[in-house]
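Step one of this worksheet: look at the structure below.
Laboratory data are not the source of any read-out in this text; all were calculated from the coordinates shown. Values in this document were obtained by computation on a predicted structure and should not be read as measured data. Counting neighbours? That spans all protein chains shown, and the Cβs are built from the backbone with ideal geometry, glycine included.
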Amino acid sequence: MSSGQEGASSPAAGLAAAVREGRASAVEVLERHLGAIAERDPEIHAFNLVMVDEARRRAETVDGAVARGEDPGRLAGVPVALKDNLCTRGVPTSCSSKILASWRPPYDATVVERITAAGAVVVGKTNLDEFAMGSSTENSAFGPTRNPHDPARVPGGSSGGSAAAVAAGFAPLALGSDTGGSIRQPAALCGVVGVKPTYGLVSRYGLVAFASSLDQIGPFAHTVRDAALLFEVIAGHDPMDSTSLDGPAPSVLDAIPMGVEGMRVGLVSELLAGVEPAAAAAVEAAAEALTGMGAKVETTSVPATVYGLSAYYLIAPAEASSNLARYDGVRYGLRVEGEDVAAMFGATRQAGFGAEVKRRIMLGTYALSAGYYDAYYGQAQRVRTLIIRDFEEAYRSFDALLAPTTPGPAFPLGAKTQDPLSMYMSDVCTIPSNLAGHPAMSIPWGSSDGLPLGVQVMAPALGEAVMFRVAAALEGEAPPAPVPAGGRR
Ligand code: GLN
């Protein structure tokens with residue numbers, strides 16, 4: 001494919017091609033994006049930290065390599081925004097929590113190493129719901145991020161800063177983490193592509209843990225091809241992560257042109273029930289488009305997915321309560337002194353954690369406590385197994401599944417902060433694939449009152465090639481999408 005064509009269907013790849021061929025300099029590309037950040041991030045607050053000096057040095061290094069006739073790699077000079085729960089050596093990694101506000105990790109996450117080795121320029125650390133717990137980025141200790149399509153609305157969460165950064169044109173690519181929907185949901189609400197890979201395909205070494213049996217890192221991009229490129233750069237075995245899968249990661253870029261002719265796609269009835277009419281209509285229109293391209297689309301049932309939310313809100317807090325026990329004022333970040341060690345632990349955690357994180361720790365501790373373990377945590381794990389079995393059954397008849405990403409478009413700031421359950425409902429369509437460990441992605445499709453909506457493509461474990469084929473086919477047929485002020489550059 002020529003780089004001209006790449007410009008439209010793959011803006012990040014287009015930039016990388018221009019830098020590699022000496023038609024653009026990484027420094028110029030970076031300055032353009034820093035300009036956009038300076039102009040609009042005071043309003044949007046996508047970033048906790050813009051790494052201006054580090055990024056400039058890095059861009060100069062990339063240009064230096066090109067000048068010497070070296071190839072900096074597939075992401076040469078492409079600015080990438082990182083969710084602030086990904087470790088960056090010597091650079092604050094706060095998880096948008098007071099407890100880690102001043103913590104500087106002594107190492108880079110594997111994904112950071114991999115994108116840097118591919119020539120990317122990390123521009124900064126993006127805002128999130130504290131420790132990735134939330135669906136609106138309003139649980140950040142440093143104030144919310146706003147949706148570039150309408151600053152009175154949330155960008156979704158928990159990777160709201162990364163989604164907003166791409167949507168607002170601050171960086172053509174970003175990384176986030178998805179435990180129950182935190183990449184796909186904000187991608188849908190901000191009108192960009194967001195991918196949650198198969199559990200184990202992308203190393204979590206250097207991702208601050210929330211719920212270890214669910215967490216997965218993945219890309220944000222404007223287009224399916226750009227998301228595929230970033231996925232290929234970060235996926236693959238890492239000996240530093242004991243849950244990392246052996247063997248080669250699926251090639252997705254090569255699969256994309258294969259199309260969907262003859263493919264069997266199931267529309268999950270349980271995930272369509274209860275969403276807003278515009279969200280259901282978007283999925284139905286996407287299904288029709290797939291039929292038009294030669295896929296066989298049918299409505300199907302994955303019955304146990306209706307219990308996904310309940311199981312998730314036992315399993316995720318249980319794991320979080322254990323993972324977050326390490327913030328004790330001794331090993332990391334904040335310490336508030338007390339009369340003795342126990343008082344110091346208590347005072348540190350009281351001052352350092354926000355309300356939602358405390359709620360999760362209490363829910364999780366309760367679900368794991370002696371006497372309740374079987375009734376809550378054990379039961380949730382059994383439900384998880386049922387969900388996995390029902391998906392396996394569905395994938396005997398279908399190559400991929402289709403569903404809404406979210407029940408509706410971006411909601412106003414403050415609309416759900418007083419009602420945790422209605423906030424939790426934002427992830428009702430995305431949580432089932434996390435519980436199953438399967439890949440799933442959201443692509444922009446249609447709108448509701450001028451705000452973007454997404455449709456979700458799901459596939460069985462390691463089914464990324466099929467998933468990206470369906471997503472790319474859909475992207476080619478998608479109705480015109482809303483564009484935010486200053487967007488896409
Ligand atoms: N919104 C969900 C939660 O609050 C999912 C978060 C995530 O995927 N990190 O737990």
Any pair with Cβ under 8 angstrom, 6 or more apart, that starts in region 301-316 at a residue that is in contact (Cβ under 8 Å) with a residue 60 or more places away in the chain and ends at one that is within 16 Å of the ligand (Cβ to nearest atom) and basic (Lys, Arg): Ala311/Arg384; Ile315/Arg384; Ala316/Arg360
Criterion (more than 19 Å from Val302 (Cα to Cα), more than 15 Å from the ligand (Cβ to nearest atom) and surrounded by fewer than 24 Cβ atoms within 10 Å (Cβ to Cβ)) met by exactly one of Gly450, Gly463: Gly450
Candidate set from region 160-207 (those that are basic (Lys, Arg) and under 8 Å from the mean Cα position of the chain (by Cα)); member that is surrounded by the fewest Cβ atoms within 10 Å (Cβ to Cβ): Lys196
Scan of region 137-168 for residues that are out of contact with any Leu (no Cβ under 8 Å at 6 or more places or on another chain) and of a type outside the set (A, V, I, L, M, F, W, C), ordered by number: Asn139, Gly143, Thr145, Pro148, Pro151
Residue check for Ser140: in contact (Cβ under 8 Å) with a residue 12 or more places away in the chain and assigned to a helix (DSSP H, G or I): no
Residues that are within 12 Å of the ligand (Cβ to nearest atom) and either closer than 19 Å to Pro11 by Cβ or not basic (Lys, Arg) (or both), drawn from region 174-186: Gly176, Ser177, Asp178, Thr179, Gly180, Gly181, Ser182, Ile183, Gln185, Pro186
Ala101 vs. criteria under 30 Å from Ala211 (Cα atoms) and out of contact with any strand residue (DSSP E or B) (no Cβ under 8 Å at 6 or more places or on another chain): yes
Residue within region 108-123 that is within 16 Å of the ligand (Cβ to nearest atom) and either acidic (Asp, Glu) or in a strand (DSSP E or B) (or both) present: no
Matching residues, region 189-210, being in a helix (DSSP H, G or I) and within 13 Å of the ligand (Cβ to nearest atom): Leu189
Failed item in (1) assigned to a helix (DSSP H, G or I); (2) under 19 Å from the mean Cα position of the chain (by Cα), with Ser213 passing the rest: (1)
Hits in region 248-300 (condition: among the small types (Gly, Ala, Ser), surrounded by 14 or more Cβ atoms within 10 Å (Cβ to Cβ) and either under 21 Å from Ala436 (Cα atoms) or without any contact (Cβ under 8 Å) to a residue 40 or more places away in the chain (or both)): Ala249, Gly266, Ser269
Options Leu435, Leu421: the member that is within 22 Å of the chain's Cα centre (by Cα), surrounded by 23 or more Cβ atoms within 10 Å (Cβ to Cβ) and either within 15 Å of the ligand (Cβ to nearest atom) or within 21 Å of Val265 (Cα to Cα) (or both): Leu435
Residue within region 339-351 that is of a type in the set (A, V, I, L, M, F, W, C), crowded, with 16+ Cβ neighbours inside 10 Å and under 24 Å from the mean Cα position of the chain (by Cα) present: no
Boolean, Glu356 is under 17 Å from Ile99 (Cα atoms), among the acidic types (Asp, Glu) and not in a helix (DSSP H, G or I): no
Which numbered condition Arg74 misses (of (1) touching a residue at least 60 places away in the same chain (Cβ under 8 Å); (2) basic (Lys, Arg); (3) not in a loop (DSSP other than H, G, I, E, B)): (3)
Single match in Tyr377, Tyr366 (criterion: touching a residue at least 40 places away in the same chain (Cβ under 8 Å), under 30 Å from Lys98 (Cβ atoms) and over 24 Å from the mean Cα position of the chain (by Cα)): Tyr377
Residues satisfying the stated conditions in region 132-148, i.e. within 10 Å of the ligand (Cβ to nearest atom) and out of contact with any Ser or Thr (no Cβ under 6 Å at 6 or more places or on another chain): Met133, Ser136, Asn139
